[in-house]
Amino acid sequence: MSRLSLRLRLALAGFAAIAAALVLAWFGLVWLFERNAYRALADDLEGYVLQIIGGLEFDPQGAPLLPKPLVDPRFQTPLSGLYWQVTGPTVLRSRSLWDQTLALPKDDPGAGETHVHEIAGPGGRVLLASERRIQRPGGSGVRVVVASDLTRLKAARDAFAADLAPSLTLLGVALAAAAWLQLTIGLRPLLRLRREAAAIASGDRARLSNDAPAEVLPLVRELNALLDQRDAEMERARGRAADLAHGLKTPLAAIAGEARRLREEGRSDVADSIDASGETMRRHVERELARARAGSAGRLRGAPAAPVFDVVESLFRILRRTDRGESLMLVNDAPRLASAPFERGDLTEALGNILDNAVRYAGATVRVTCEGGARTTAIAVEDDGPGLEPGGETTVRQRGGRLDESGGAGLGLALTQDILEAYRWRMDFSRSSLGGLKVRLAAIAEAPGPGSRHLEEQAAQSVSRRSGSRG
């Protein structure tokens, strides 16, 4: 129950309350109907009693007589369920009683009082009896009783209950629908807050909106305060990483100088070992700095996107100054208005590592293209080099992710991979239409293309094999 949504929990509680209220209402209304029908029947019986008393006469001996019987035909029908009886020195009774006599309880109503009883009648049925006692001056008292079978009242009650059940059921459905609508409207602000929280997690916004109901506004403020604290901690962590890198520069430079001195002394084996250790330390520091920066990328995705064309052009300008880059055709086919949801520095580093590899292995051409129009969803870097050997992607990814086991190979790819993961992008490898390798950066929400699934088949057609340590 604790894992159910708030809407469902409130709905179940509301539906249960509605059902319980309607059941109680059903019992209550049936009881009220029976009670009022009982009173109405008692009033009718009292009317008959007064009619009998109004027409009652006495003979010289004081015996009661009723010269004009009541006109209701049920009094003339044997065992009809409606009976009258006058008890005095003698007993008068309606024809409907046939040869039976009503057994009256021991009671002594006062003059002008009407008493109502439930008594046993013919056939063992329960009767509702209305009774009055009259007293003749100088004579004995007379008890006048009119009784009716309660079976008809109970049948009317049951019919009313049966008719009431569907009506209350329809009312319950209407109330349940109204309760669900009320919950939907009432919880809409919470749904908006949930969407805002998801947007914060995806980097589309920085804080929750303060335009919230008074009941949840304190929670919103507390969450925003926690986000502020998280950002401050992240900034401090990045600062500490930068301080660490700066503090290691001097010791690393000293180690490099010591290696040179040893090499000049002819101890090249020791110098090479020191250089390798120093390079490993430097690369670890660089990678951790990249991770520290990429760790805050999620909260920066709400910032203005980086212009892809400008970033590629700035990288091409640098690469054209290199020995390999000046001899290649570097083609920037990215739309001028295209932008990617990256901080510019992160996009520059990610593309820079990939373009550096492409220039290193290309034969004559390196090309950059974009997908998705102005809001870029994928960036592709292609070259006309030899491409990857079968299974080469696995090797490249392993080496990029396990620098400590693979020397210096794959560091650029590792840094690129860290940046892409922070922005929820991925990197796919496939065969380029230029004949070499195509590295495609795309948002994770996009389904993987067939090129990345059939990498080995395409790579098997490579003109020549390239080292698996590319990157």
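The values are calculated or read from the model by the stated rules, or taken from the named source; none is laboratory data. Source: prediction; values computed, not measured. Neighbour counts are summed over all protein chains in view; Cβ atoms, including those assigned to glycine, are modelled from backbone coordinates with ideal geometry.
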query: Where residues in the stretch 364-402 are buried (at least 19 other Cβ atoms within 10 Å of the Cβ) and of a type in the set (Lys, Arg), which of them is modelled with the lowest pLDDT?
result: ARG399
message: Tell me whether the stretch 176-183 contains one or more residues that are in contact with a strand residue (DSSP E or B) (Cβ under 7 Å, 6 or more places away or on another chain), at pLDDT 80 or above and of a type outside the set (Asp, Glu).
response: no
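So that you can scan it fast, the table gives a plain yes or no per residue for (1) out of contact with any Ser or Thr (no Cβ under 7 Å at 6 or more places or on another chain); (2) assigned by TED's automatic domain parsing to the domain that holds VAL359; (3) more than 21 Å from LEU351 (Cβ to Cβ); (4) modelled with pLDDT under 75:
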position	(1), (2), (3), (4)
SER268	yes, no, yes, no
ALA276	yes, no, yes, no
ARG287	yes, no, no, yes
ALA290	yes, no, no, yes
ASP310	yes, yes, no, no
LEU330	yes, yes, no, no
message: As an exercise: evaluate ARG194 against (1) assigned to a strand (DSSP E or B); (2) among the charged types (D, E, K, R); (3) farther than 30 Å from THR90 by Cβ and give the number of the one condition it does not meet.
response: (1)
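Run down ALA212, ALA179, ALA232, ALA225 and say which single residue is without any contact (Cβ under 8 Å) to a residue 60 or more places away in the chain, of a type in the set (Gly, Ala, Ser) and closer than 28 Å to ALA13 by Cβ.
Working: ALA179 fails: without any contact (Cβ under 8 Å) to a residue 60 or more places away in the chain; ALA232 fails: closer than 28 Å to ALA13 by Cβ; ALA225 fails: closer than 28 Å to ALA13 by Cβ.
Step by step, each of ALA212, ALA179, ALA232, ALA225 is checked, and only ALA212 is without any contact (Cβ under 8 Å) to a residue 60 or more places away in the chain, of a type in the set (Gly, Ala, Ser) and closer than 28 Å to ALA13 by Cβ.
Quick one: which of LEU79, LEU50 is closer than 22 Å to ASP99 by Cβ, at pLDDT 85 or above and surrounded by 12 or more Cβ atoms within 10 Å (Cβ to Cβ)?
Working: LEU50 fails: closer than 22 Å to ASP99 by Cβ.
Just one listed residue meets the conditions, LEU79.
Rundown of residues vs (1) exposed (fewer than 15 other Cβ atoms within 10 Å of the Cβ); (2) part of a strand (DSSP E or B), yes/no style:
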{"position": "ALA103", "(1), (2)": "yes, no"}
{"position": "ASP107", "(1), (2)": "yes, no"}
{"position": "GLY123", "(1), (2)": "yes, no"}
{"position": "SER130", "(1), (2)": "no, yes"}
{"position": "SER148", "(1), (2)": "no, yes"}
{"position": "ALA155", "(1), (2)": "yes, no"}
{"position": "ALA161", "(1), (2)": "no, no"}
{"position": "TRP180", "(1), (2)": "no, no"}
